[in-house]
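As C-alpha cells, the structure follows; a few thoughts come after it.
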Amino acid sequence: MASAFGIITTTANRLHVEGLEAHRPAASFSVLGRYRTVDFPVCNMTNSGIERIQVYVNQNPRSLTEHLAGRQYNVNSKTGKIQLLFSEKNTANSIYNTDIAAYSDNINIIKRMHQEYVIIAPGYIVYIQDYKALLDQHIASGAEVTLLYHPVNNADTRYIRQRALTMDESGQVTYMHYNNGGDPDKNIFLDTFVMKKETFLSLIQKAKDYSSSCTLARIVEREAQNGMKVLGVAHEGYFACFSDFNAYHHANLEMINPEVFTQLFKPEWPIYTMTTDSCPTKYFEGAVVRNSMISNACKIEGTVINSVIGRGCHIAKGAYVKDSVILAHVDVDENSVVENEVVDKWAHITANTVVKPAEGTIGYVERDDTI
Amino acid sequence: MSQNKMLAMILAGGRGSRLYDLTANIAKPAVPFGGKYRIVDFPLSNCANSGIDVVGVLTQYESVDLGSYAANAGTWGLDVRGSGVYVLPPREKANADLNVYRGTADAITQNIDFIDRFAPEYVLVLSGDHIYKMEYDKMLEYHIANKADATIAVRPVPWKEAPRFGIMNTDAELNIVEFEEKPKNPKSNLASMGIYIFTWKKLKELLIADSTDPASKHDFGMNLIPAYLSGGSKLVAYKFEGYWKDVGTVDSLWEANMDLLDPNSGLDLSEGDWRIYTEDVSEIPQYIGPEADVENAYITQGCRVEGKVHHSVLFTSSEVKKDATVIDTVLMPGAVVESGATVIRALIANDVVIGKGAVVGAADSDKIELIAKDVKGVE
C-alpha cells in the first residue's frame, strides 16, 4: 500500500502520565515489559505496507530516538524510512503546543510526500489495525475523513480525558467531546485519522486560521459540523490507552491474559521491537510465579504474582511482588514486598522494605531510585 | 572498527550424525541451544566480542539454513564497513573442479584466495559446534608474545578421560612437542579444543604442500599439526580454564543445556559485558499461568507455561499446558507438552507435540530420550 504515508502523533500534553512521562514520551512507555507503545502503530503501518512513517516527538526524545534507530522493523532500508520529527517551538507546556503546530513546523516535509493518502495514528494507544483495510473502507465510503473509534461500555470509570465520538445513523460524526465519566456507553476515539494528503494540508491551514490552539481533532469536528463527510469506523479487538497513570498500570496487568494478549500478538501481524540481546530468564529453586508476564534476562528467586516484569530484573529470595508493573533492570532485594506499584527502570528496592501505596491507589517508584 | 590483523574461519560443515534427527535437515552448528541461541552463535559472538571483523563460515552439510543464518552478519554486529560474515560452501573455480571439502584443512586450502583478499597476518580456525566464551584477542597476544607459528587452545581434562581426546604433549613452557589423537596411555591431560591461531604465511605454505599429498586426510589434527612439528615450527599450547563443551551427542547437548541451571557449571550467559548474540525474534515475553509451578528453570520469550516445569530449559515459543509435568528436560523451539502429559529426562525437538496424558522418558533412564516426532496422547 504505497498510496499512503503514516504519521505517528504525540499526546501533545493533552494526556499526562504522572512520573513515567517525566522520563520519556508516552510513545516510549514500556508495554508488557518488552515493547514500547510506538511499536504498535509503527508495526500496524509496516504490516499494512506503509513504508514512509513520520514519528512526532515533543519532549525527552532520547529514549524514542534510540529506539527508532534500530533496524527491528520490517521497512525496506532503501525504499522506506522512519523519520523522527520535532516540534521546533519550545512550548512544551503550552496550550499552543498542538499537533497542528507540529505539522506546521514540518509542513514542507508533509508537502513533499508522494503518497495520495495519510494515516495518522497515536503513539500512545496500543491496538492492532490493518490500515490497508481501513484505507480501502475510507475510499469505498466516499468519506473525506475517516475516524477510528472503539465502542465501550465502561467509559464511566475508564478512558477519562479520551475523546469520544457522537455519530448520526449514517455514521457521520457530529460531535467529539472529552470523556469525563458519566455515561458508560461511549465510542472512544482512537485518535486515528485517514484522509487525502490534500485534505490534511487544507485542514492544517484551516486550523491555523481558526485559532492557534486548535487541534486536528477540533478542526475535523468543526468541518464535520459544516458538512464535511467525516465517518466513524469501529475498531475490533483489544485496545489500551495510557491516558493517565492508573490506566497505564491497569492496562499492563490486563494484558497478562491469553485472551487479551492473543488479540495483540498474532503470528500474521508481528510486533517488532528493539532487541537488547538479553539471555533467557532463570527461575531458581524456591521461586513462585503465578499469572505473570516475565521478560528475558531476569533472575527470579522469590514470588511474583499478577505482575509484569521487565528485562533484566532480579527478584531476590523471599521477595514478594504482586499486582505490579516492574520496568527493566529493577532489583527487589531479599524479603521485600512490592504491591500495586509501577516501579520505573533501574530502581532498587533494598532488603526488608515494604513498598505499598494506600488502599485503592497505585504507587510509583522513580527511575534510578533506591528505597 | 578498524581492520583487524586476524581473520577467523569457522569450520561448520559437519553433519553431527550423533545428534540423529536433530540434524536431519540442518547442520549441527545451526542446532538450537540455551533457550534462544544456536550453537554457532557462540564462536560468532566470541569473534565479535574479541574485535574480529571478518569471519568466514565454512559450510557443507545442509548449508541453506545455516548459510542464510550466518550471512545475516548484523546479528553479531559484523555488518559495518570493513566487517563481514562470509558463508563459504565448496565452489567451482576457474582452475579447479567443484570439490567437496575433503577435510578441515582442505576447507581452508580451498579458500586461500578468500583469505588472501584480506591479507591477514593471522588466521583463527574454530569449530562451529562448541559451547564456550573465549577472548580470542588474548590468545592472539599470547601467540605473538611467544613468537609462535601456531597456537592451540587446550584445556586440562580429568586424566581418566584423556584417552577420549586429542592430547597435546608439551614441555614446561607449554611448547607442544607431540600430538596424540586419543592416546591409550596419555602423557598429558591437555586436550585440544579445536581452536587454532596460525601465522598465515606459514599456514598457507603447509596447506599448499598438504593439498597435493595423496596420503593426507587434509585434517588439522591428523596432518597439519604433525607437519608443523616435523618441520621444526614453534607450536605453543594456550591453556583455557573456563567452561567449554563439545555438544556433539544428544546427552552432551542436554547436559550443556542443564549446565545453564547449575550455578557451579561456569556457564553463565547473563554477563552483560560478554554477550552471546543471536537472531532477534518477535515473540512476546514468557507467560506463566495462574496454576503454573516453575522452579529451577531457564525460560525464554514466547513460552507459555501453565503446568509444572522443574529443572528444565524451555526454548522460544515452547508450551507446557495445564497439569502437564516437565522435569529434567529440554524443550526445543515450538515444542508443546499437552495437558496431563509427563516428560522426564528428555530432549524434545522443534515443534514436536507431546499429546494429552502421554508419558515420555523416565527419571531413572541412563540415556536422554530424544523425541523428534509427535507423541500421541492418551484419549
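The values are calculated or read from the model by the stated rules, or taken from the named source; none is laboratory data. These numbers come from a predicted model, not from an experiment. We place every Cβ from the backbone using ideal geometry, glycine too, and count neighbours over all the protein chains shown.
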Test: B:GLU62 is buried (at least 17 other Cβ atoms within 10 Å of the Cβ) and either touching a His at 6+ places or on another chain (Cβ under 9 Å) or acidic (Asp, Glu) (or both): yes
Kindly indicate which of B:LEU314, B:LEU347 is of a type in the set (A, V, I, L, M), within 30 Å of B:PRO43 (Cβ to Cβ) and more than 9 Å from every other protein chain (Cβ to nearest Cβ). B:LEU347
Could you say which residue among B:THR300, B:THR342, B:THR316, B:THR278 is within 24 Å of B:LYS367 (Cα to Cα) and either touching a helix residue (DSSP H, G or I) at 6+ places or on another chain (Cβ under 8 Å) or of a type in the set (Val, Ile, Thr) (or both)? B:THR342
Complete set of residues in the range B:29-88 that are β-branched (Val, Ile, Thr) and within 14 Å of the chain's Cα centre (by Cα): B:VAL31, B:ILE39, B:VAL40, B:VAL57, B:THR59
I'd like to know if the range A:193-205 contains one or more residues that are assigned by TED's automatic domain parsing to the domain that holds A:ILE8, touching a residue at least 60 places away in the same chain (Cβ under 8 Å), under 22 Å from A:ALA140 (Cβ atoms) and of a type in the set (A, V, I, L, M). yes
Identify the residue in the range A:260-285 that is among the β-branched types (Val, Ile, Thr) and in contact with a helix residue (DSSP H, G or I) (Cβ under 7 Å, 6 or more places away or on another chain) and, among all such residues, is farthest from the other protein chains (Cβ to nearest Cβ). A:VAL260
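Being closer than 15 Å to B:ALA107 by Cα and not aliphatic (A, V, I, L, M) is the filter here, so list the residues in the range B:40-92 that pass it.
Of all residues in the range B:40-92, those closer than 15 Å to B:ALA107 by Cα come to B:55-61, B:63, B:86-92.
B:GLY56, B:THR59, B:GLN60, B:TYR61, B:SER63, B:TYR86, B:PRO89, B:PRO90, B:ARG91, B:GLU92, listed by residue number.
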Residue match in the range A:66-76 (condition: touching a strand residue (DSSP E or B) at 6+ places or on another chain (Cβ under 6 Å) and either farther than 24 Å from A:PRO267 by Cα or modelled with pLDDT of 90 or more (or both)): no
Taking the range B:257-277 and keeping residues under 23 Å from B:ALA70 (Cα atoms), surrounded by 14 or more Cβ atoms within 10 Å (Cβ to Cβ) and more than 9 Å from chain A (Cβ to nearest Cβ) leaves B:ASN257, B:TRP274
Residue pairs meeting the criteria (Cβ under 7 Å; at least 6 apart or on separate chains; first in contact (Cβ under 8 Å) with a residue 60 or more places away in the chain and within 18 Å of A:ALA328 (Cα to Cα), in the range A:54-70; second among the basic types (Lys, Arg) and surrounded by 16 or more Cβ atoms within 10 Å (Cβ to Cβ)): A:HIS67/A:ARG36
It is to be established whether one or more residues within the range A:237-259 are over 16 Å from the mean Cα position of the chain (by Cα), closer than 30 Å to A:ILE82 by Cα and more than 8 Å from chain B (Cβ to nearest Cβ). no
Based on this model, can you work out whether A:VAL288 counts as at pLDDT 95 or above, facing another protein chain (nearest Cβ under 9 Å) and either surrounded by fewer than 19 Cβ atoms within 10 Å (Cβ to Cβ) or in contact with a helix residue (DSSP H, G or I) (Cβ under 6 Å, 6 or more places away or on another chain) (or both)? yes
Tell me which residues, restricted to the range B:329-360, are under 14 Å from B:VAL250 (Cα atoms), in a loop (DSSP other than H, G, I, E, B) and in contact with a strand residue (DSSP E or B) (Cβ under 6 Å, 6 or more places away or on another chain). B:THR329, B:MET332
Hey, which of the strands (runs of 3 or more DSSP E) in the range B:78-173, taking only ones fully inside, have at least 2 residues that are within 19 Å of B:ALA191 (Cα to Cα) and without any contact (Cβ under 8 Å) to a residue 60 or more places away in the chain? B:166-170
Quick one: is A:LYS206 in contact with a Phe, Trp or Tyr (Cβ under 9 Å, 6 or more places away or on another chain) and charged (D, E, K, R)? no
Does B:PHE42 satisfy the criteria of being closer than 22 Å to B:LEU314 by Cα and touching a strand residue (DSSP E or B) at 6+ places or on another chain (Cβ under 6 Å)? yes
Mind telling me which of the residues A:LYS322, A:LYS345 ends up being more than 9 Å from chain B (Cβ to nearest Cβ) and either at pLDDT 95 or above or over 23 Å from the mean Cα position of the chain (by Cα) (or both)? A:LYS322
Of B:ASP364, B:ASP280, B:ASP323, B:ASP293, the only residue that is at the interface with another protein chain (Cβ under 9 Å from one of its Cβ atoms), more than 27 Å from the chain's Cα centre (by Cα) and not hydrophobic (A, V, I, L, M, F, W, C) is B:ASP293
Residue in the range B:20-32 that is within 14 Å of chain A (Cβ to nearest Cβ) and either under 16 Å from B:SER252 (Cβ atoms) or not hydroxyl-bearing (Ser, Thr, Tyr) (or both) present: yes
Identify the residue in the range A:83-127 that is in contact with a helix residue (DSSP H, G or I) (Cβ under 7 Å, 6 or more places away or on another chain), in a loop (DSSP other than H, G, I, E, B) and modelled with pLDDT under 90 and, among all such residues, is surrounded by the most Cβ atoms within 10 Å (Cβ to Cβ). A:TYR124
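Considering only the range A:274-285, state which residues are surrounded by fewer than 21 Cβ atoms within 10 Å (Cβ to Cβ) and either within 20 Å of B:ILE276 (Cα to Cα) or in contact with a Cys (Cβ under 8 Å, 6 or more places away or on another chain) (or both).
Within the range A:274-285, A:MET274, A:THR275, A:THR276, A:ASP277 meet the criteria.
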